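The values are calculated or read from the model by the stated rules, or taken from the named source; none is laboratory data. Model, not experiment: these values are computed from the prediction. As a convention, Cβ positions derive from the backbone with ideal geometry for all residues, glycine included, and neighbour counts pool all protein chains shown.
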Amino acid sequence: MTNNNSPTLPAISVRGVIKLGQFLKLANLVEDGAEARILIQSGDVTVNGEVETRRGSALKPGDVVRVNLPEGTNGAQVSL
């Protein structure tokens, strides 16, 4: 598995299992759940370099989440 770590990505600590939509909000990558849903369904969110279109997809420590926004790409890494 390729690790998409970048020194500029913040590590966001989570407890237990977290879903993609929840993580986007926790990491402040989106304003709210509605924005998360739209970006995910539009194919603008990747997990470990692969487009993820399921808002309820479970993330695990080490996963790298990136969001393509009009102003550029932003992201964060899931951490314990």
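Only one of (1) at pLDDT below 95; (2) surrounded by 16 or more Cβ atoms within 10 Å (Cβ to Cβ) fails for residue 17. Which number is that?
(2) is the only condition that residue 17 fails.
Could you grab me the full set of residues in the stretch 40-57 that are touching a Leu at 6+ places or on another chain (Cβ under 8 Å) and of a type in the set (A, V, I, L, M)? Talk me through it step by step, then tell me what you get.
Taking the stretch 40-57 first, the residues touching a Leu at 6+ places or on another chain (Cβ under 8 Å) are 40, 44-45, 47, 52, 54-57.
Within the stretch 40-57, 40, 45, 47 qualify.
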